[in-house]
Amino acid sequence: MGREPERAVLDRMLSGAADAPPVAYLHGPGGIGKSWLLRYAARQAELAGRRVVHLDARYLDADPRRLAEAAALACAEPGVVLLIDTFEQSQVLEPWLRDTFLPRLADGAVVVLASRAAPDAEWSLDPGWAQLFTELPVRPLDPARSEALLAARGVPADQRDAVAAFAGGNPLALSLAASVLAAGVPWEPTGDVLTTLVERLVGDLPSPVHRRALEVVGQAYVTRESLLRAVLGDEDAAAVFPWLRQLPYVEATPEGLHPHDAVRSALAADLRWRDPDRYEEIRVRVSVAGLHAARRASESDALLRVAEWMFLFRADCGPDERYDWRPYPHVEDSPLRPADVPAVRRMAQQEDGPEAAAAVAHWAGRQPEGFRVYRYAGSAAPVAFVSFLQLEAPSPEDRAADPVVAALWDFVGATAPLEPGEHLSVRRFAVQSGRAERASPLMDLIGRRAVAGDMRARGRAMSFAVVADADRVRGYFGTAGLQEVVSADVGGRKQHVFGRDWRRQPVERWVEHRARAGIVPSAGWTDAAPGRDGPSGAAFEEAVVEALRTWHAPREFATSALLRSRLVSPGSDDPVADLRGAITAALDALQVDPAGVKAHEALTATYLSASRTHKAAARRLGVPYGTYRRHLALARERLVEQLRRRMG
C-alpha cells in the first residue's frame, strides 16, 4: 500500500537509467516496510532477468570477510542486484562497505541497503559518492494511506480513525490491529485488546507450558533449550523447544531462537499488563540463568553470554548511550603485549594527561595481566585499552604512583576493610582514541568484560570503576547498584570512583535485583562496614526480605548477609540452621497480638508456603490484591522490628 516514491527510485535503478544512482539506502523503524521494499526490488529485478543476491545482515556477524564472501557474485558478474536487509546489525561495516567493498562492484551492479539506522554523513560529504548514492527514508504512512490500508483489510469505516491514531502510520501496527477487529467491536488499545493482538499474532497455544515458553522468548535476547530448561524444567523444555522452532514468527538462527521484534514487544507488554508478578518472575529467572550461563561458559564465550544477559536491561541507558549486545568480530580483544605499552601510554596522555600516562606505565609494569587491548581486525595498532587491577593490600609504591588508588585504599580502610583471602577489583582505565568515555563498540566490549569478571570471580569483596564524566554515567551506574564513593585529582582532572560491596549483596542477589521492577541493587556503602554486626539500616531490611525470598532455595539462602549478624551465634556449627530458627521464632512471635496474626499469615502465605506469585498468595488469604500488598508491607516491617529486638 503506497510507497510510490520509493518504488519509483528502485524502478529507475533496476532499469539501468543513466541518471539513476547505483546505491540506495532505505532506513526507518521496525515494521515500517523496508523488507517489503527489498522484496519488491527482488521481484522487479528477476522480472528484468537480473541476478539477485539477497542477504540478511543478522547472519553476517558484522564481519567484513563474511559479507565479502556472501556478496562475491556482485563483484564478478555485471548487472547483479545486491540487497542487504537489517543492515543495522552490521552498521559498523558502513565505512568499509563504502570505501573498500562497493568500489569493487562489477559494471551495472545495483545495491540496496535497508536499516533501522540512518546512513552516516560521509555518503553525501564525499564528492565521489554524492552522485552515486541516494538516501530513502521510509516514513510512516500518511492518514490517507493508513485509511486505504485499513479499508483493504476490511476495517469498518467508523473504526479506522481510532486504529490509525493508535498505529501512527506504521504498516505492521496497522495490520496487526486490523487483524483483530471484528465488525461492531470498538477499537480500544487496552489490555484486553493487547491480549487479543497477541492471541491473533501467535495463534492458539497447545498448553500453558507453551505460553510460558513464549513468555521466555519475549524476554530473552536469544532462546536456547538450555535457557528453557533453567526456567521451565527439563521435561517441559524438551517438549516445547521443537515447537518453538517451527513457529512462523520465530527464526531459528545459529545463535538460537529469535522472535520477530513486534512479537517480542507484544508478548512482553501483554504479560506485563496481564500478570506483573509473572512478568517479573520470568525476568528474574532469565537473569539468573544468564549468570549461570556466563559462569559455565569458556573464556572465549563468556563475553557473549554476558552480552545476552545485558539485553534484559537495554532500556536502562539513555537514547544517546544505547548499549549494543551484539558480537563485534571486527574488534580484537587481546592481552597487553610489551610492544603495546608505548601506544597505551600515548592514548592515556592524549585523553587524560601525562599524570594518567605515568599511572598507566606503573600498572602496566605491576599488573600487565590486568590489561586488555583492543584493535581492529587486521591491524596491529591499539585503538582502546582497559585495565582491571586486582588488589589485596595497599603498598607505598602503588599509593605514590596513583592518587586514585591511594584515595580508594583510604576509603576501603575506613569503611570496609578486606578480610584474609579477599580482594577488590578496580577498572582503573578505560580509554579509546578520540572518543573519551563515549558509547561505542569498544566501550561495550569493555563493559562486558567488567561484568564477566564480577560474575566469574572468586573471593572478590568489592568492585570499583573509575570515570572522569561522573554526571554522564551516574544514572546508569545507579540502576546497576554502583554508588560514587570517592574522587581524586589527577593532573588537574577529577577522577570519580563508583563501586559496590559484594559482601553486602552477593552476585546472585544482584542479578535478581537487576531484573526486579522498582528495586535498585544495593551498593552497601551507606551502611556500617560488614562484620559481626552484619548489615544495618536499609541493608538489614533488604537482607530480611532476601532471606524470605530464598527460604526454599538452600544454596541461595546460605549466602544471606544475615549470617554475619547477631542473629547467628559466633562459632555456630550450623549458622544456616541458626538463622532459619531465628526467623521462624520472630515469625511466631508476631502472633502475640491480633494485628500480628495478619502479618504472620501474609508472610507465611507469601514465602514459607511457596506461593508461585503474590496474586496466588492473595487468593490463598482470601483478600483483594491491593489489601494483600498493604498487609505484606506492614508484615515485613513488623518482622524486621522483631528481628532487631532479638539482636538487642
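Every number here is computed from the coordinates shown, using simple stated rules; none is lab data. Keep in mind the model is a prediction, meaning the values are calculated, not measured. Every residue, glycine among them, receives a Cβ derived from its backbone with ideal geometry; neighbour counts consider all protein chains shown.
Largest first, the three principal axis extents of the alpha carbons in region 537-647 are 45, 29, 23 Å in whole numbers. Once the Cα atoms are used to define both axes, helix 625-647 deviates from the longest principal axis of the chain by about 40 degrees. The convex hull defined by the C-alpha atoms of region 420-502 has an orientation-averaged projected area of 6.1 nm². On a 0 to 90° scale, report how tilted helix 403-415 is relative to the longest principal axis of the chain, with both axes built from alpha carbons and the result rounded to the nearest 10. For 403-415 against the chain, the angle is about 40 degrees. Only DSSP H runs of four or more residues enter the estimate; each adds -39500 (n - 2.57), and after division by the residues of the chain the mean residue ellipticity at 222 nm equals -15000 deg cm²/dmol. For region 1-137, what number results from the quotient of the Cα radius of gyration and 2.2 N^0.38 Å? Ratio of Cα Rg to 2.2 N^0.38 Å: 0.95. Once the Cα-Cα distance is subtracted from the 0.36 nm per residue extended length, the residue 620 to residue 592 segment shows a gain of 7.9 nm.
For the peptides 80-90, 553-563, the ranking by mean Cβ contacts within 10 Å, running from highest to lowest, is 80-90, 553-563. I need the calculated FRET efficiency for the pair residue 458 and residue 157, taking r as the beta carbon distance and R₀ as 60 Å, to the nearest 0.05. Rounded to the nearest 0.05, the efficiency is 0.35. With bins 10 Å wide beginning at 0, the percent of Cα pairs of region 331-502 falling in each bin runs 10, 41, 39, 10, 0. Each of 269, 239, 303 was placed along the dipole of region 202-316 (beta-carbon charges, centred on the mean Cα), and the one lying farthest toward the positive end is 303.
On full extension, the segment bounded by residue 629 and residue 65 gains 197.4 nm, given 0.36 nm per residue less the C-alpha separation. Working ranking of peptides 571-580, 27-36 by packing, defined as the average number of other Cβ atoms within 10 Å per residue, highest first, is 27-36, 571-580. On the principal axes of its alpha-carbon atoms, region 202-316 has extents of 42, 30, 24 Å, going from largest to smallest.
Each Lys or Arg adds one and each Asp or Glu takes one away; over the other residues whose Cβ falls under 14 Å from the Cβ of residue 99, this sums to -2.
Over 45 Å, how big is the tail of the calculated P(r) for the chain, in percent of all Cα pairs?
Considering the chain, 32 percent of its Cα-Cα pairs are separated by more than 45 Å.
A Cβ-based charge dipole, computed about the Cα centre of the chain with Lys and Arg at +1 and Asp and Glu at -1, lands at about 1080 debye. Considering only the Cα atoms of region 598-648, their convex hull presents on average a projected area of 3.3 nm². Normalised Debye scattering of region 1-75 at q = 0.17, 0.23 Å⁻¹ gives log10 I(q)/I(0) of -0.78, -1.25, counting only Cα atoms as equal scatterers and leaving out solvent.
For region 434-491 and region 365-419, what is the separation of their C-alpha centers, rounded to whole Å? Between the Cα centres of region 434-491 and region 365-419 lies a distance of 13 Å.
Note on residue 139 and residue 245: the extension gain reaches 34.9 nm, defined as 0.36 nm multiplied by sequence separation minus the Cα-Cα distance. For residue 615, the lysines whose Cα falls under 27 Å of its own Cα, not counting residues fewer than eight places away in the same chain, are 598.
Can you order the peptides 621-634, 447-460 by their average number of other Cβ atoms within 10 Å per residue, highest first?
447-460, 621-634
Taking Lys and Arg as +1 and Asp and Glu as -1, the other residues whose beta-carbon sits under 12 Å from that of residue 150 total 0. Against the main long axis of the alpha-carbon atoms of the chain, helix 234-245 sits at an angle near 20°. Give the Debye-formula value of log10 I(q)/I(0) at each listed q (0.10, 0.17, 0.22 Å⁻¹), with one equal scatterer per alpha carbon of region 359-453, two decimals each. With one equal scatterer per Cα and no solvent, log10 I(q)/I(0) is -0.31, -0.82, -1.19. Which value in nm describes the separation of the simple spin-label points at residue 299 and residue 361, placed 7 Å from the Cα toward the beta carbon? The modelled label-to-label distance comes out at 2.9 nm.
Along the positive direction of the dipole of the chain (beta-carbon charges: Lys, Arg +1; Asp, Glu -1; about the Cα centre), which of 478, 625, 292 reaches farthest? Final value for the positive-end residue is 625.
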